[in-house]
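Laboratory data are not the source of any read-out in this text; all were calculated from the coordinates shown. This is a predicted model, so every value here is computed, not measured. Cβ: placed from backbone, ideal geometry, glycine included. Neighbour counts: every protein chain shown.
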Amino acid sequence: MEGTKVSAAVCSARVGCGCSSPVHQCVLCLETFQKGERLRVLPCRHEFHRECIDRWLLGPEQQFRSRACPMCKADPLQQP
């Protein structure tokens, strides 16, 4: 996702990690984040598996929906 303002992260034991996010799974594939998995964090601070959100934002199906975070509908190319 060149040119976008998203960051990468590595999951660090999501279950019981003490973070403020109530969601410990990728809402696109519904799989629980596992320790060591590579995540993508959008400017709105929602986390997804990199492959899932890249396909959501850049895949061929994207032409049929607006480019937005699937959780809050924020444009990932805009500053928060």
Length gained when the stretch Leu58-Val41 is fully extended (0.36 nm per residue, less Cα-Cα span)
4.6 nm
Could you pull out every residue, at least 5 positions away or on a different chain, whose amide H is within less than 5 Å of the one on Gln25? Hs are placed 1.01 Å off N in the peptide plane, and Pro or chain starts have none.
Phe33
Would you mind counting up the charge near Phe48? Only other residues with Cβ under 12 Å from its Cβ, with Lys and Arg at +1 and Asp and Glu at -1.
0
